[in-house]
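Everything on this sheet refers to the single structure shown next.
The values are calculated or read from the model by the stated rules, or taken from the named source; none is laboratory data. Since the structure is predicted, the reported quantities are computational estimates derived from the model, not experimental observations. Cβ: placed from backbone, ideal geometry, glycine included. Neighbour counts: every protein chain shown. Just the protein is used for accessible areas: all its heavy atoms, side chains included, with ligands, DNA and RNA removed. Shrake-Rupley method; radii C 1.70, N 1.55, O 1.52, S 1.80 Å.
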Amino acid sequence: INKVYDWLIEKHETIIELSEKQANFVISLEKNWQEKKDRFLSYLLKADFDYALKYANKFIKSPNDIQDFYLKVVQPALYDVGNLWEAGRISVAEEHLATAIVGRVMANIYTHFPKTKKKAKAIVASSPNEFHEMGGRIVADFLEIDGWDVLYLGANVPDQELIKLIKRTKPKLLAISVTMPFNIENAQRIINSVKKLKGVNPKIIVGGIAFNMMPDIYKKIGADFYAYDAKKALEIAGQLKN
């Protein structure tokens, strides 16, 4: 332990310098989308679920509108919320509240989904110890709209329980979302376990901020594909469905 402390003291100035240079996660948007995102963000920061939901329902007139709303309004707004929390401008409680409101809005948007015939099966989950789930939820919704039979497991899925479900349901696709870089190792452990299964061979897509920071690492951990956003994940999945 003393050696660790000695290293931290030795590297203290460098660590401070790196932390000051760390860039926020921002999605570049056209002006009209920036305005729509900012408006939705204002409802989240005011903790105004009613107005956030009314805005979503006003925006979404068809299933095609859901993709734009998720990728150009919801996701960048959540990135802004995370950046505000990291900068100390909102509390962790406010950050959690904003995320919870988005979850409730997305649950209501579910009623807009087309009732398409379910085809191939897909499992979508966050890695073990990963408590960020909105990215995976967006992927799950996109897949379901496209006609996939989706099992969405949410955050922090235990290894063995996920493996049991994969063995029982035999999905064609497994999508793993990772936000925090230290959870990539957990995703790799899942992938290694899946690759050892007999009679089950799902294609594995990984995504999330952790992989966006290191786009090529998916190859090293054994995943078949990397998707930088839900739209790319849907594009990849479209090549597998038939």
Pair list, Cβ under 6 Å, 6 or more apart: the stretch 88-99 residue under 13 Å from residue 43 (Cα atoms), other residue of a type outside the set (Gly, Ala, Ser) and in a helix (DSSP H, G or I): 95/81; 95/85; 98/44; 98/81
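What number of residues in the stretch 145-174 are free of Cβ contacts under 8 Å to residues at least 24 places away in the same chain and open to solvent by less than 60 Å² (accessible area, probe 1.4 Å)? Please lay out each step first, then the result.
Of the stretch 145-174, the ones free of Cβ contacts under 8 Å to residues at least 24 places away in the same chain are 160-161, 164, 168.
With open to solvent by less than 60 Å² (accessible area, probe 1.4 Å) added as a condition, the list becomes none.
Residues in the stretch 145-174 being free of Cβ contacts under 8 Å to residues at least 24 places away in the same chain and open to solvent by less than 60 Å² (accessible area, probe 1.4 Å): 0 in total.
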Residue check for residue 22: surrounded by 13 or more Cβ atoms within 10 Å (Cβ to Cβ), closer than 23 Å to residue 132 by Cα and either at pLDDT 80 or above or touching a helix residue (DSSP H, G or I) at 6+ places or on another chain (Cβ under 9 Å) (or both): no
Helices (runs of 4 or more DSSP H) (entirely within the stretch 108-226) containing at least 2 residues that are closer than 25 Å to residue 69 by Cβ and either out of contact with any strand residue (DSSP E or B) (no Cβ under 7 Å at 6 or more places or on another chain) or of a type in the set (Gly, Ala, Ser) (or both): 134-145, 209-213
Test: residue in the stretch 101-108 that is more than 24 Å from residue 56 (Cα to Cα) and open to solvent by 30 Å² or more (accessible area, probe 1.4 Å): no
Extreme residue, surrounded by the fewest Cβ atoms within 10 Å (Cβ to Cβ), among residues of the stretch 110-131 that are modelled with pLDDT of 90 or more and closer than 26 Å to residue 53 by Cα: 131
Scope the stretch 47-82; condition farther than 22 Å from residue 139 by Cα, out of contact with any helix residue (DSSP H, G or I) (no Cβ under 6 Å at 6 or more places or on another chain) and either open to solvent by less than 40 Å² (accessible area, probe 1.4 Å) or among the acidic types (Asp, Glu) (or both); matching residues: 48, 50
For residue 152: the one exception among (1) farther than 26 Å from residue 82 by Cβ; (2) in contact with a helix residue (DSSP H, G or I) (Cβ under 6 Å, 6 or more places away or on another chain): (1)
